[in-house]
């Protein structure tokens with residue numbers, strides 16, 4: 001077996017307009033760096049299917065799903081909020097993004113892959129049960145986690161979110177669900193200005209101030225994430241893998257480096273190896289400096305694949 005790399009060409013057709021940071025070139029940069037690093041040949045490449053509405057509906061109300069579908073324009077661009085837009089290809093891209101997370105979960109849980117990385121867009125962790133925001137329409141990692149719980153009978157899952165922004169949508173969906181532990185770090189105060197007021201007991205939210213770098217991040221992981229994960233003993237681990245806390249990413253003001261993403265992946269992989277038979281699915285979230293994004297994803301995947 002090997003690490004599965006799951007994506008789909010339609011994820012590059014979603015385009016929210018010129019100069020939008022969440023751009024199609026993000027996925028091209030990742031795939032170019034996989035080739036340049038020489039690790040692409042060691043991955044098992046899969047094309048993502050389209051997610052069925054029934055899978056989305058484990059997380060999002062059907063009325064919301066219908067609203068997103070009906071909002072897709074026949075041409076041009078329509079904005080759902082100031083940051084989040086749809087073009088004629090967005091609906092299909094969103095289905096393939098969620099479908100990638102579902103396929104990755106199936107591959108890992110049926111032992112067809114050791115673990116998986118989903119290189120997809122639009123991202124998902126800001127998508128709430130009935131609201132699109134923050135570049136996100138459907139919450140890909142939440143859809144996959146619910147699939148593991150309800151379709152495969154997994155009893156306990158952990159969601160690890162190191163994106164620079166708080167995964168408010170994921171917290172909205174899984175608040176007080178004892179089957180799911182979410183551990184996260186994020187810049188605060190910063191968009192979406194959440195995650196610090198009375199988080200639920202299954203939410204380990206660690207806000208970091210602007211300018212925080214490797215040491216505060218690693219202290220949060222070792223001091224707060226790892227004890228909570230040890231207490232849960234997860235049967236499967238999901239990453240909401242956003243790489244926009246990188247020092248080269250000017251969308252935010254944390255100061256992580258490539259090595260931090262490799263380090264945190266090793267720490268979490270050790271937990272998954274101990275309790276979850278190594279079962280990990282990682283789903284791309286943020287990361288907008290193309291070079292830093294691509295290098296950091298490769299560092300993350302190298303650890304997943306033992307490369």
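The values are calculated or read from the model by the stated rules, or taken from the named source; none is laboratory data. These numbers were taken from a predicted model, which means no experiment stands behind them. Positions of Cβ are backbone-derived with ideal geometry, glycine not excepted, and every protein chain shown enters the neighbour counts.
Annotations
- Enumerated helices (runs of 4 or more DSSP H) restricted to region 1-87, each holding at least 2 residues that are under 30 Å from residue 112 (Cα atoms) and under 19 Å from the mean Cα position of the chain (by Cα): 25-37, 53-56
- Close contacts from region 17-33, counting a first residue that is under 15 Å from residue 87 (Cβ atoms) and a second that is modelled with pLDDT of 95 or more and surrounded by fewer than 17 Cβ atoms within 10 Å (Cβ to Cβ), with Cβ to Cβ under 8 Å and a gap of 6+ residues or different chains, come to 17/77; 24/13.
- If the condition is being closer than 18 Å to residue 1 by Cα, in a loop (DSSP other than H, G, I, E, B) and in contact (Cβ under 8 Å) with a residue 12 or more places away in the chain, then region 99-122 contributes 111, 112, 113, 114.
- Scanning region 129-140 finds no residues that are surrounded by 24 or more Cβ atoms within 10 Å (Cβ to Cβ), in a helix (DSSP H, G or I), within 13 Å of the chain's Cα centre (by Cα) and without any contact (Cβ under 8 Å) to a residue 60 or more places away in the chain.
- The single condition among (1) over 29 Å from residue 86 (Cβ atoms); (2) more than 17 Å from the chain's Cα centre (by Cα) that residue 158 does not satisfy is (2).
- Among the residues making up region 273-290, those that are touching a helix residue (DSSP H, G or I) at 6+ places or on another chain (Cβ under 7 Å) and either farther than 27 Å from residue 155 by Cβ or assigned to a helix (DSSP H, G or I) (or both) are 287, 290.
- Residue within region 141-158 that is within 19 Å of residue 260 (Cα to Cα) and crowded, with 17+ Cβ neighbours inside 10 Å present: no
- Hits in region 184-203 (condition: closer than 23 Å to residue 246 by Cα and within 20 Å of the chain's Cα centre (by Cα)): 184, 185, 186, 187, 188, 190, 191, 192, 193, 194, 195
Listed here are the residues, each with its yes/no results for (1) outside any strand (DSSP E or B); (2) surrounded by 24 or more Cβ atoms within 10 Å (Cβ to Cβ); (3) free of Cβ contacts under 8 Å to residues at least 60 places away in the same chain; (4) in contact with a strand residue (DSSP E or B) (Cβ under 9 Å, 6 or more places away or on another chain).
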| position | (1), (2), (3), (4) |
| --- | --- |
| 230 | yes, no, yes, no |
| 238 | no, yes, no, yes |
| 252 | yes, no, no, yes |
| 262 | yes, no, yes, no |
| 271 | yes, no, no, yes |
| 293 | yes, yes, no, yes |
| 297 | yes, yes, no, yes |
| 307 | yes, no, no, yes |
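- Among the residues of this structure, residue 89 does not count as one that is within 23 Å of residue 290 (Cα to Cα) and buried (at least 24 other Cβ atoms within 10 Å of the Cβ).
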